Amino acid sequence: MSVDAKKLEIEASRLPVKERARLIRRLIATLEAEDDGNLEQAWLDEAEERLSSWRSGSSGSRPGDEVFDEILNRS
């Protein structure tokens, strides 16, 4: 990260919550504006690969209740 970016990060972290949230939304919007569809296609490809892996039995799965219980019981 450049020195200028680090300074911006420090200054932004000092903003009130609502101003930080607005800044985040604007920054994300600039990233979305630059997206040429490759990101969406990459997510679609990943989802297809995971579904195929699950259907073929090459990836494991567990019931959702079991997973959420494990998360809730972490110390």
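Quick notes on this structure:
- Any hit, segment 26-44, residues being surrounded by 10 or more Cβ atoms within 10 Å (Cβ to Cβ) and polar (S, T, N, Q): yes
- Scanning segment 51-75 for residues that are at pLDDT below 90 and surrounded by 10 or more Cβ atoms within 10 Å (Cβ to Cβ) gives TRP54, SER59.
- Residue in segment 8-18 that is among the acidic types (Asp, Glu) and within 22 Å of the chain's Cα centre (by Cα) present: yes
- The residue pairs whose first member lies in segment 1-22 and is on the phi > 0 side of the Ramachandran plot and of a type in the set (Ser, Thr, Tyr), whose second member is in a helix (DSSP H, G or I) and at pLDDT 95 or above, and whose beta carbons are closer than 6 Å, counting only pairs six or more residues apart or on different chains, do not exist in this structure.
The values are calculated or read from the model by the stated rules, or taken from the named source; none is laboratory data. These numbers were taken from a predicted model, which means no experiment stands behind them. Please note: Cβ atoms are built from the backbone with ideal geometry, for glycine as well, and neighbour counts cover all protein chains shown.
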